[in-house]
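The values are calculated or read from the model by the stated rules, or taken from the named source; none is laboratory data. None of the values given here were measured: they were computed from a predicted structure. Note that each Cβ is placed from the backbone with ideal geometry, even for glycine, and that neighbours are counted across all protein chains shown. Side chains are part of the model used for accessible areas, which takes the heavy atoms of the whole protein and leaves out ligands, DNA and RNA. Shrake-Rupley method; radii C 1.70, N 1.55, O 1.52, S 1.80 Å.
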Amino acid sequence: MKAPALFLAHGSPMLAIEDNTYTAFLKKLGEGIRPQAVVIFTAHWMTRQPTVSAVEGTYDMIYDFSGFPRELYEVVYPARGSVEWAERVRERLGGVAEVAVDPTRGLDHGSWVLLHRLFPNADIPVVQASVVPWWTPKQLFQLGGALRPLRDEGVMIIGSGGTVHNLMALRWEGHAEADAWAVAFDDWLLSQSSFHSEEVFDYENKAPYAKQAVPTPEHLAPYWIAYGAGSRDQAPRVLFREYQYGSLSLMAVAF
């Protein structure tokens, strides 16, 4: 069975220890999927060229955040790497870009927060991959497209980031209603992606509230990669959609 290509928002690191509708969704999603391996592109690993992890054994944990409860720093997700799958990924990506390999980097929270919820037994090989956020959306889309054949071999592709990710705009107090501007940006992105419109790659100029929704490109970069790895004859499917703190988009999309 073809493994999925997904974009999954990783939201706040608190998703690793909170129970809410999104974590319940992730748990159920993981229960219905059994891939041979997972390749996860994380917004929290930015490099000058595409880079894949080729970790032998168990990944180290990276707690790349501060100011959170102690309980969060005690989460250990003993994901195992795979040098063999990393080499397969490197070979596929090598058709569109020069690719580096990192044998030592641990899992950052863009990866382990999601994987901890999806596959709590940590029994599926993981290849972590970086994003090059200053590449154009079309370049990132083409990078994802190079991995599309691996899905036929049971490799699940995940882009981990956030479509609307403006920490300066968040409203931390109470249960804030979704901000209309954040919803409008996601509506446009999903619509243009569904039509496979070339305009989607020019979101900075065409999308409503683009600068407000995407002040920096690293969290949207994994979306383009997952989109590229998806099927070209089907429209993306929204699996989950909510907003925390007014505008922090928690969206899961299957391509």
**Report entry** Residues that are in contact with a Leu (Cβ under 7 Å, 6 or more places away or on another chain) and touching a residue at least 60 places away in the same chain (Cβ under 8 Å), drawn from the range 13-34
**Finding:** Pro13, Ala16, Tyr22, Thr23, Leu26, Leu29, Gly30
Report summary line: Subset of the range 38-60, residues more than 24 Å from Ala146 (Cα to Cα), out of contact with any helix residue (DSSP H, G or I) (no Cβ under 9 Å at 6 or more places or on another chain) and in a loop (DSSP other than H, G, I, E, B), comes to Gly57, Asp60
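Among the basic types (Lys, Arg), open to solvent by 30 Å² or more (accessible area, probe 1.4 Å) and over 21 Å from Ala169 (Cα atoms), is that true of Arg237?
When the stated conditions are applied, Arg237 passes them.
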Query - Filter result for the condition that a residue is within 22 Å of Gly11 (Cα to Cα) and assigned to a helix (DSSP H, G or I), over Met168, Met156 - result: Met168
Report task. Please specify each residue of the range 105-145 satisfying the condition of being in a loop (DSSP other than H, G, I, E, B), in contact (Cβ under 8 Å) with a residue 60 or more places away in the chain and either basic (Lys, Arg) or within 18 Å of Val52 (Cβ to Cβ) (or both). Result -> Arg105, Asp108, Ile124, Pro125, Val132, Pro133, Trp135
Query raised in the report: Checking Ala184 against (1) part of a helix (DSSP H, G or I); (2) open to solvent by 10 Å² or more (accessible area, probe 1.4 Å); (3) farther than 13 Å from Ser249 by Cα; (4) not hydroxyl-bearing (Ser, Thr, Tyr), which test does it fail?
Result: (3)
**Report entry** Residue within the range 61-74 that is of a type in the set (Lys, Arg), part of a helix (DSSP H, G or I) and surrounded by 17 or more Cβ atoms within 10 Å (Cβ to Cβ) present
**Finding:** no
Requested in this report: Within the range 202-214, count every residue that is open to solvent by less than 70 Å² (accessible area, probe 1.4 Å) and under 15 Å from Val164 (Cα atoms).
Outcome: 6
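In the range 69-80, what count of residues is obtained for those that are touching a residue at least 12 places away in the same chain (Cβ under 8 Å) and in contact with a Phe, Trp or Tyr (Cβ under 6 Å, 6 or more places away or on another chain)?
Qualifying residue count for the region: 2.
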Report summary line: Counted residues in the range 139-175 being within 17 Å of the chain's Cα centre (by Cα), of a type outside the set (Gly, Ala, Ser) and closer than 19 Å to Ala221 by Cβ come to 14
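Scan the range 84-96 and tell me whether some residue there is open to solvent by less than 40 Å² (accessible area, probe 1.4 Å) and assigned to a loop (DSSP other than H, G, I, E, B).
no
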Report task. Looking for whichever is open to solvent by 60 Å² or more (accessible area, probe 1.4 Å), touching a Lys or Arg at 6+ places or on another chain (Cβ under 7 Å) and more than 24 Å from Gln128 (Cβ to Cβ) here; the options are Glu199, Glu177, Glu173. Which one fits? Result -> Glu199
